[in-house]
Structures are given as C-alpha cells and as structure tokens.
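Data block below; observations after.
The values are calculated or read from the model by the stated rules, or taken from the named source; none is laboratory data. Remember, predicted model here, so these are calculated numbers, not experimental data. Don't worry about glycine lacking a Cβ; one is built from the backbone with ideal geometry, like all the others, and counts go over all protein chains shown. Protein only, heavy atoms only, side chains kept; ligands, DNA and RNA dropped before computing areas. Shrake-Rupley method; radii C 1.70, N 1.55, O 1.52, S 1.80 Å.
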Amino acid sequence: MENHQHLSGQRTDNQYKVDLEPVGRRALIEPGMTLLDAAWRAGVEIVAVCGGLGACGKCRVRLVHGEVTPPTAAEGRVFSAAELAAGYRLACQARPLGDVKIDIPPASLSTPQRLQVEGQESGVAVDPVVRPVDVTVVPATLHDLRADTVRLTDALAEQHMPRPFFDQPVLRDLSRKLREQDWSVRLALRRRNQRSEVVGVLHPEQALLGLAVDIGTTKMAAYLLDLASGHTLAKAGLMNPQIAYGEDVVSRIAYANRHADGRHMLQARLMESLNDLIDQLCREARVTHEQIVEAVVVGNTAIHHFFAGLPVRQLGESPYIPAVTEPLDICACHLGLKLASGAKVYLPPNIAGYVGADHVAMLLATDAWRAQKPTVALDIGTNTEISLAVDGRLLSCSCASGPAFEGAHIHAGMRAAPGAVEYVQILEDGVHIQTIGGRPPVGICGSGILDAVAELRAAGIIQRTGRFQPDHPRIVPWDGGGAFLLAPATETGNGNDLLVTRRDVNEVQLAKGAIRAGVEVLLLEAGLTAQDIDTFIVAGAFGTYLDLESAVHIGMFPPLPLERFQQVGNAAGTGARQMLISAEQRRLATQIIERVRYVELTVHPGFTSVYMDAMYL
C-alpha cells in the first residue's frame, strides 16, 4: 500500500523512491542523487560532518531492499568486506539505481527520535524472584578436593539454604570467579519451585539489577532497576529495527514466511538493538552487564514470538492461533542477550493471537482488571488492544488501526521527531502549528494529523464524510480529492508545501473507526452503552501525546466528560517493571488471563455496521 501520497512531492517517471526507516519518511530523487540527498530532501537529519564528501564516515546506513551504485574507495576505507556484503553503505556515496529502502542506525541520526519511556513508577512491594546471598568458602587444597559446586552448596547449607541448581552457562565462569575473588562471592539465586538456581556470580559489593523491556511494533522502551529497592536506575528508548521489514506485524509475519531465514533475521535484528539498549543503560548507571540477573520482556503476541524464536506462520493465517499463551522463562544466553551468564528472561502470558503480554502488563499496571465499575483500557498503536472491565469480568479485543498514528500512510507523515507537526489550531486569523523541537515543519506525526483532522472538522473545512469543502481558500487540487495547505513551502524546513490530503483524512477515518468500533463491540457484549463508562484509560506512546478533545471530536473516543479519561503513558513498561521486582505481580498476570474473554471482531455480527458508523467524523 505504498504510493505517492506518502512522499515529499508527486512522483514523475524519472524519479526513484527512497524509503528511510526507521524514521518513517520517504523521498523522491532524480538519478545521480545520493541517499544523503534523499534524506535531506525528506527532512531526515543524518550526521554528515564533512558535508557529504565521504571523509567523516558518519552517515552510515544499511541497504534493506533495492540496488545502489558499487562501493566507492571512501566506503572501502570505512567498512569491512563483511559489512559491505551485509548492505552497509555511506549515505553520501551510495546512489540509488531504482527504488530502495534503507535502515538508518540511531548513531547516524543527528537528532534522536523522541521515544516514549515515561510511565508511572511501579508502586508495588519489592519481592524479586532473584535474591543475593553472600558466601565465603574454604579454598581448595590437596587435603580438600571437593568440587567448586560442592563447596558452594556446603557453604549455603551452613546458612540453612537448600541445595542450589547450577546451569552450564554459570559453570563456565564459576571456578575462575571463585579464585579471582579469593573465594568470596555474591550469588544471585533465582527461585525455582522448591529449589533455587544460581544465575549469577558477582563481587560481594555488587548490586543485583533487573531489565524490563516493552517492545512495541514501532518503538522499544527499556528500564534498568535495582532489584533490592525497585528503583529505576536508567531508562532508554529506541526504534524497533524490524520496521525495515514491515511497518506492522502482519507485514513482518509475511516477510518471515517468504524467506527461509526471515524469522531468524527478525529475531537477530531485535537482539542487536536490545543489546545496544543494554549497553546504553549500563553506561548511564555505571554498572556491568553481569549485574543484570533477571529480565522481563513484554510485547504483542507476534513480537513475543519473534523475540522467543517461535513460529509465526499460524499467527498470519485464520484463526490466528499463538504457539503459546502461558508464561515462559528463557535463558538470556540462548537469545544472545548480554546479561549475567545464567540470567533468565521472563515472558508474561499472552491473551490471544493479537492481544499480547504488553496488554496484560498494561492491565496490571493500571489495575483496570480489578475494576467493578465499567472501565475501558486501551493502548493505541498499529494494532490497538482494548479491554472492558466490569464487575470483575474482562472482555478484550484487538483492532487493526494501522500505522497512521505513527505517521505512516500519511502524505507528509513522519514519526515523532524534530520538525514534526504535533499540534494544530485553526483560528480566524489563520493556521497555527507547533512542531517537535520548535523546528520549521518537515512533516506531521500521529498526534498532529489527529489534531489537524479534528480542527478541519471543527472549522467546517471537511464534512462528516471526510470530504473537503472545495471553496475554502486553503484547499488546493491534489490527486482528485483535494488537500488542505497546512504550511506553504516558504515556511517549511524542506521547501515543500505541507499538505493534509483527502487520503490522509481517510486514513484517520479508518484508524479511528477501527478503535471506536472495538470499544462499541465490547460494550455491546457487556450490555452497556458508552455513557455507562466510568473510566477510560488511554495508554502508550501515542496515547500520551494525543489531544483528548480532538480524539472525542472526531469520534475516535465516546463523547464522555474529559475528567473520565486518564492518559497513563507507557503502562506496559510499568507493568513489566512490576513483574520484574515482584513474584506476586507475575502470579496476578496469570490470574488476569484466566478472567479474560476474547472477542474476535471479524466474526462478530455487529462489527461491520458499528465500524461503518464509526468511520464518520
């Protein structure tokens, strides 16, 4: 579904399309222009200290699809043969020979993407599954030939602790660490039924840390916590690198099915980026990877399967069945994550094929699952997951809201980065816009397009059906449907008119219609109306920045008093942190699953009519 409406300008026959991921921008360039030219034309700020001469080696990108000119001498000095074979190039040197897609590493962007890592603190009693135990053992001698594991077991017995289990990854370094640390160590013991498992061997003064990660379809948020106090020591965000293989999980599942190594490639890219996040967190907190002895990772069901290396084909085919819904514990070393040698990654349970552990984490963090009065909790994204809680019951569904709220499939769409229009106001004296970072506008992000459509509707510039009023002075001809001039080329950062097209309005209608229809179907199932809703919880990155009045005005949310709405930030990340520091919260997550009744919208008898009504503005 990629066509000229996504691009900066209308395409001519002698132009190539350059898809720049993960920033979600596309550009049209003429033959002979470089990838760096394409980035600049699209308003994407790639680092090029030397001005594009190939001297600094900073503008590194990776070719995902398409063909470019052969490597230059400058690139030969920067990249190894293996890196060139893997598609790495300098943006200032590579010139497309046709339509291409590139992946831009974070280090090559001059301004980091604004990523959602904020959220409520965990606020639960600290009771981690991994605890520290300091032991000093008698050194080995010719008169005492006990094995190192036996010495540790005996030392623990003196502290009235049961015999521990040692897995092979820990055993690889155990003997060396005992001797280097003069036979005094801090063991990280993880509860395992009636026994405990040694997952890390540290210096006695080192704190035990945990990692909580929320992997979204578009973005990832990671948190480093002290397991003793539950405090967050550092947090960081990054774009999900899988975007280069598909903007939504359905596209990624299709990619995995088309390529023999597709599933493993998507998993590997995820691990590479997670390890980058782990490095960043450790540097910020001034700790070592070996101190991270436990991790909790949440994501939707497809992301969960990609992360764990599970098959995904059945998720893309009706009836969309997950390989597993129960919680999993996976050794981090088997995934390639740079944590303590025996650290485990806990994956909470999934609800259904398109409602995953991230939604469970959100319900846990907001306490919505316990609600007695009607409560709606949703996390808006490419796939929006919705739950209705009432009288201890939980109804859940998922709706394909699409990537419009991430800026995709929008003519001037982009993700939340500097220069993206995020707020729009149309007054008698003109159009007022606010961009991220206060930069000249180069595109419009999800909250901006939502705001723009709401303002256009409030001003009477678009009708209830989404059609433009043709006599407005800012309506210009565009692709048969017209467009609204949000900012003229003289005021933008890329020299192009910034437009909101009729197709853009339609994309918002499709997205908001799917979300509203999901809410209404759950209300139908519960025998309730929208006015019965006591609390309406909006979670997630996009939910943090959207204007509630705009969302209500275009009909994405029911017409409730604004005081009934709660915007809670990255609640999935908060839930992951809660499960990281509390065994009880993991038990509650499983309890949530037992209460849920999943509603499949595609076969619900009322869905089609509700969805068609919800499309109107």
Defining a contact as two alpha carbons under 8 Å apart and six or more residues distant in sequence, what relative contact order in percent does the chain show?
14 percent
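Among rounded, prolate and oblate, which fits the chain when a ≥ b ≥ c are the square roots of the eigenvalues of its C-alpha gyration tensor, a/c under 1.5 means rounded, and a/b larger than b/c means prolate?
On the way: a/c = 2.32, a/b = 1.39, b/c = 1.66.
Oblate, since a/c reaches 1.5 and b/c is not below a/b.
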Between region 538-595 and region 225-241, the Cα center-to-center distance that results, in Å
19 Å
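With both partners inside the chain, how many of the DSSP beta bridges are antiparallel, as a percent to the nearest 5? Provide the component values of the computation, followed by the final result.
On the way: 73 of 105 bridges.
Percentage antiparallel, nearest 5: 70.
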Relative contact order %, region 200-303, counting alpha carbon pairs below 8 Å whose residues are six or more apart
36 percent
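Carbon and sulfur together cover what percent of the accessible area of the chain at a 1.4 Å probe radius?
Details: 12330 of 24170 Å².
The value for the chain is 51 percent carbon and sulfur by accessible area.
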Just check region 165-286 against the gyration tensor rule for me: Cα atoms, a ≥ b ≥ c as the square roots of the eigenvalues, rounded for a/c under 1.5, and otherwise prolate or oblate depending on whether a/b exceeds b/c.
prolate
In whole Å, what three semi-axes, largest first, describe the equivalent ellipsoid of region 363-451 built from its Cα gyration tensor (square root of 5 times each eigenvalue)?
34, 15, 11
Added length on full extension, which subtracts the Cα-Cα distance from 0.36 nm per residue, N275 to Y598
112.8 nm
Please tell me the relative contact order of region 449-546 in percent, rounded to the nearest whole number, where contacts are Cα pairs under 8 Å and at least six residues apart.
19 percent
Sort region 58-198 into rounded, prolate or oblate with this rule: let a ≥ b ≥ c be the square roots of the eigenvalues of the Cα gyration tensor; rounded if a/c is under 1.5, and if a/c is not under 1.5, prolate when a/b is larger than b/c, oblate otherwise.
prolate
Inter-part distance where region 423-453 and region 313-331 are each reduced to a Cα centre, Å:
40 Å
Give me the 1.4 Å probe accessible area per residue for the chain, excluding ligands and nucleic acids, in Å².
39 Å²
Distance from region 387-412 to region 465-529 (C-alpha centre basis), Å
18 Å
Taking a cut-off of 23 Å between Cα atoms, list the lysines near K235, but don't count ones fewer than 8 places away on the same chain.
K219, K338, K344
Mind grabbing the accessible area of L310 for me, 1.4 Å probe, Å², rounded to tens?
40 Å²
Solitary cysteines of the chain, where the nearest other Cys Cβ is not under 4.7 Å
C59, C92, C282, C331, C333, C397, C399, C445
